[in-house]
1. For segment 234-315, which GluC sites (Glu not before Pro) pass both filters: DSSP loop (anything but H, G, I, E, B) and at most 13 other C-beta atoms within 10 Å?
2. Residue farthest toward the positive end of the dipole of the chain, with Cβ of Lys/Arg at +1 and Asp/Glu at -1: which of ALA364, GLN405, VAL318?
3. Gain in length, ASP70 to LEU431, computed as 0.36 nm per residue apart minus the alpha-carbon separation, to one decimal in nm?
4. Over the chain, with the other protein chains present, what is the accessible area per residue in square angstrom, probe 1.4 angstrom?
5. Be a star and scan segment 84-111 for residues whose amide nitrogen sits under 20 Å from the point 7 Å along the Cα-to-Cβ vector of ARG139.
6. What net charge do the residues around GLU388 carry, taking every other residue with its C-beta under 12 Å from that of GLU388, with Lys and Arg at +1 and Asp and Glu at -1?
7. Taking amide H positions as placed 1.01 Å from N in the peptide plane, with prolines and chain starts having none, which residues 5 or more places from LEU179, or on another chain, fall under 5 Å of its amide H?
8. Would you mind checking the tilt of helix 282-296 against the longest principal axis of the Cα atoms of the chain, expressed as 0 to 90 degrees and rounded to 10?
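The values are calculated or read from the model by the stated rules, or taken from the named source; none is laboratory data. Please read these numbers as outputs of a predicted model, since none were measured by experiment. When we count neighbours, we look across all protein chains shown, and the Cβ atoms used for this are built from the backbone with ideal geometry, even at glycine. Ligands, DNA and RNA are stripped out before the accessible areas are found, and what is left, the full protein with its side chains, is counted by its heavy atoms. Shrake-Rupley method; radii C 1.70, N 1.55, O 1.52, S 1.80 Å.
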Amino acid sequence: MKLPVLDANLMLRPALGESGLDPARLEGELAERFRAAHARVEARRAEGEIGFLDLPRAVQASRRVQELADSFGQLFENVVVVGIGGSGLGAVMLRDALLAPRWNERTAEERDHFPRLYVLDNPDPSTVSSLLDGLELGRTLFNVVSKSGSTAETMALYLVARERLARRVEPEQVRAHFLFTTDPDRGALRRIAEAEGIATLALPPNVGGRYSVLSPAGLWPAAATGVDVDALLAGARAMAERCMGEALLANPAGLFATLLHAADVEQGRSVHVLMPYSDRLRSLALWFQQLWAESLGKELKGPTPLPALGASDQHSQVQLFMEGPHDKVVVFVAAAEGGEGVPIPSLHGETEELGYLGGHTLGALLDAERRATTEALRRAGRPSLTLELGRLDAYSVGALSMLFQIATVYAGALYGVDPLDQPGVELGKRLACGLLGRAGFEAPAAGNGDPRWRV
Ligand code: PA5
């Protein structure tokens with residue numbers, strides 16, 4: 001099994017030309033800068049603050065996840081994860097990357113009798129109603145995921161799901177349709193679970209939402225749908241080992257963080273695009289967006305992550321990447337063609353615009369599009385990184401997710417911000433509670449503003 005490889009050539013001279021960083025700095029000043037950041041991360045790790053690094057070795061927790069997946073998963077036709085932000089995006093990312101495409105539309109046989117998997121995050125009434133109206137609730141398990149056990153969106157969706165379920169099943173059966181993933185000791189979900197005997201999985205107190213993909217928050221939905229959780233954790237473990245050393249050029253997460261940080265603070269390249277060339281990795285870009293944004297955007301600092309998808313965005317955002325302001329770095333993710341190679345038939349051989357395509361595969365076309373875009377950006381002096389994933393499977397996705405998480409804490413140390421907190425999210429949460437009348441929470445004054453400026 002191979003770990004993903006980070007190719008940084010196109011951030012550097014001579015490959016990128018004058019816009020590139022001087023590679024000698026990777027063995028000099030940038031190596032020193034990283035060494036200092038590494039030391040700060042190590043100090044926090046020694047204090048037990050960076051819990052996600054321990055998840056790949058948390059044998060007991062993953063055993064409990066697998067046991068609960070085995071006992072629950074195939075009893076139900078549908079699993080609905082209810083969770084928002086870090087409590088939902090990891091499950092979506094793993095589902096889209098690792099389950100067969102159009103999973104929920106497949107028959108039970110095609111799914112090997114594993115359940116369909118939905119994730120409800122946004123309390124948009126039309127999405128919620130259309131999902132809940134369409135599911136046979138008597139055959140549905142709700143996995144409510146909330147570290148705090150108090151996020152308004154998640155709590156409201158839980159209440160809606162519970163009330164709908166109570167209309168369909170006997171009162172004494174309601175609790176068997178829930179699994180709560182939450183803090184081991186605190187919060188409303190924990191109290192409800194204890195009072196009613198609802199099954200639970202514990203989120204380690206030192207693992208924050210956006211670093212929880214390898215905790216029960218991400219692992220249980222994956223295990224319940226038949227993903228090889230051991231392989232996922234093995235990939236994460238192997239990558240964590242690669243990314244713990246202080247030598248910059250032997251540490252892909254360190255190199256990723258150091259180059260993107262330098263591009264931002266030295267060259268004004270503050271927009272960091274993540275562009276996988278695989279539909280199955282589209283959600284990876286959304287998961288990374290939250291990780292990078294919520295971890296690093298604070299104290300007037302922080303890059304702006306921008307998700308993109310190859311090849312589709314070549315016909316959308318790439319014009320901006322090529323000729324817009326010099327404020328971006330594009331991170332390509334290349335996945336090797338899987339079993340679904342799909343040959344392109346040699347039809348219309350006499351037609352110039354079509355004939356050359358015959359004999360290739362769709363996977364080869366996608367890869368050629370990526371390589372062509374990389375080269376076009378290079379010629380325009382636009383830097384990029386490429387993460388070569390190899391096979392897209394549980395091992396490589398576990399490894400890649402660990403690389404990004406470790407890179408994020410290194411980037412936090414480089415920017416001089418705390419990548420583990422999110423104080424900027426709290427005020428909005430509190431004001432929303434106030435607007436809905438929660439005791440002790442301030443509601444913003446209604447109707448402030450000059451009517452002339454409403455047109
Ligand atoms: O990454 C984070 O910490 C946040 O995005 C949280 O995951 C999100 O706010 C949901 O919080 P909770 O799990 O407490 O419901």
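1. GLU299
2. Projecting each Cα onto the dipole axis, the largest value belongs to GLN405.
3. 125.9 nm
4. Working: 20940 Å² over 455 residues.
That works out to 46 Å² for each residue.
5. Under cut-off, by backbone N: 100, 102-111.
6. Values: positive: LYS2, ARG370, ARG371, ARG391; negative: ASP7, ASP367.
Charge balance in the 12 Å sphere: +2.
7. PHE142, ASN143, VAL144
8. 90 degrees
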